[in-house]
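Inspection log for the structure reproduced underneath, given as structure tokens.
The values are calculated or read from the model by the stated rules, or taken from the named source; none is laboratory data. On a predicted model such as this, the values are computed, not experimentally measured, just so you know. Ideal geometry is used to build each Cβ from the backbone, glycine not excepted, and the neighbour counts take in all protein chains shown. The accessibility values were calculated without ligands, DNA or RNA, using every heavy atom of the protein model including side chains. Shrake-Rupley method; radii C 1.70, N 1.55, O 1.52, S 1.80 Å.
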Amino acid sequence: MKQRYLPALTLALLCSLAVLAGCGKKDSNPAATAANTEYVVGADGAYAPFASENEQKELVGFDIDIMKAVADKAGLKIRIVNTPFDGLFNALAQGDRDILISTITINDQRRQTMDFSEPYFVAKQLIVLPSSSKVAKFEDLKALKIGVQSATTADEAAQNLVGKNSPSVKRFESMPLAFQELEGGGVDAVIGDNGVVTNFVKNNPGKSFRIVNDPTFPKEYYGIAVKKGNAELLAKLNHGLEQIKADGTQDRIYKKYFADEKL
Ligand code: ARG
């Protein structure tokens with residue numbers, strides 16, 4: 001009985017040995033393999049000052065500088081591709097992007113579908129409205145039209161205030177579109193991350209907008225995302241982040257964009 005299986009067993013053994021040998025060969029120079037891998041990074045380029053396109057159509061901004069510095073320290077070759085925010089998470093899940101850096105707030109819901117690096121930025125929501133508005137706090141928005149970028153933490157906050165799918169929340173694909181609607185009077189206020197809201201007000205000095213900083217908004221932490229389970233890449237990114245925090249690179253990049261930002 002046993003002997004009848006011997007040839008098959010030997011064959012199976014030989015096959016697995018061959019596979020192992022093959023693998024060994026491929027990995028015999030892991031450094032070269034890693035160096036040749038180009039990681040595709042997704043970033044929403046309609047989000048100044050974190051990521052926007054310059055005249056040469058290159059992405060520039062805080063997130064872009066952070067990503068390049070991290071990749072540099074981690075020895076990762078990267079290509080950053082402008083990817084609208086609403087398509088980012090799907091692109092990661094599908095394998096079209098290996099890494100996302102896009103002011104993505106780390107939260108439990110997102111942790112179910114992606115893994116996050118250590119935080120690289122602390123943020124919070126701010127409300128921007130016309131200076132003439134009577135609004136003093138978040139609660140005051142209850143009876144008003146609120147503009148948000150869809151599927152963001154601002155969207156979630158607005159829905160928590162006025163109820164899921166309430167028609168008083170207007171969702172936009174990008175922050176510039178939400179701001180445009182505010183300028184046109186189609187919404188009474190826009191909620192968004194502090195960095196992007198402050199940047200908008202600073203760049204529209206003649207238009208008389210005002211910011212409300214409501215203490216009930218929690219602090220948010222931005223993380224770089226990888227596909228769930230990609231521990232190897234995540235470890236490299238965390239290693240790079242650790243280094244840019246330790247050697248002052250991160251502070252330097254922060255000061256370049258947010259010299260006078262207060263939370
Ligand atoms: N931090 C917020 C969030 O994670 C807003 C992100 C929007 N970012 C962007 N690049 N459009 O929901």
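For the reader, a short list of remarks on this structure follows.
- Gyration tensor (alpha-carbon) shape descriptor, segment 212-259, a/c threshold 1.5: oblate
- The residue list 213, 122, 146 was ranked by how far each Cα lies along the charge dipole of the chain toward its positive end, using unit charges on Cβ atoms, and 122 comes out on top.
- Set of aspartates and glutamates near residue 134 by C-alpha distance (under 18 Å), chain-local residues within fewer than 8 positions excluded: 183, 188, 214
- Distance from segment 217-263 to segment 48-63 (C-alpha centre basis), Å: 17
- Cα shape, the chain, gyration tensor, a/c 1.5 rule: prolate
- Compared with the dominant Cα axis of the chain, that is its longest principal axis, helix 2-27 is turned about 50°.
- Ordering of 143-149, 73-79, 163-169, 128-134 by packing [mean C-beta count within 10 Å, highest first]: 143-149, 73-79, 128-134, 163-169
- Remark: segment 206-211, residue by residue, has Karplus-estimated 3J(HN,Hα) of x, 9, 6, 10, 9, 10 Hz, where x stands for each Gly or Pro and the curve is 6.51 cos²θ - 1.76 cosθ + 1.60 at θ = phi - 60°.
- When the square roots of the Cα gyration tensor eigenvalues are ordered a ≥ b ≥ c, the ratio a/c for segment 125-212 is 1.5 or more and a/b exceeds b/c, which makes its shape prolate.
- The chain: angle of helix 153-162 to the longest principal axis, Cα-based, in degrees nearest 10: 50
- Here the accessible area of segment 174-225 is 53 percent carbon and sulfur, with a 1.4 angstrom probe and all protein chains present.
- Take segment 29-178 with all the other protein chains still there, run a 1.4 Å probe, and you get 46 Å² of accessible area per residue.
- On full extension, the segment bounded by residue 96 and residue 258 gains 55.2 nm, given 0.36 nm per residue less the C-alpha separation.
- Accessible surface ranking for 171, 252, 1.4 angstrom probe, highest first: 252, 171.
- Debye, to nearest 20: dipole size of the chain, +1 on Lys, Arg Cβ, -1 on Asp, Glu Cβ: 620
- Axis angle, to the nearest 10 degrees, between helix 249-258 and the longest C-alpha principal axis of the chain: 30 degrees.
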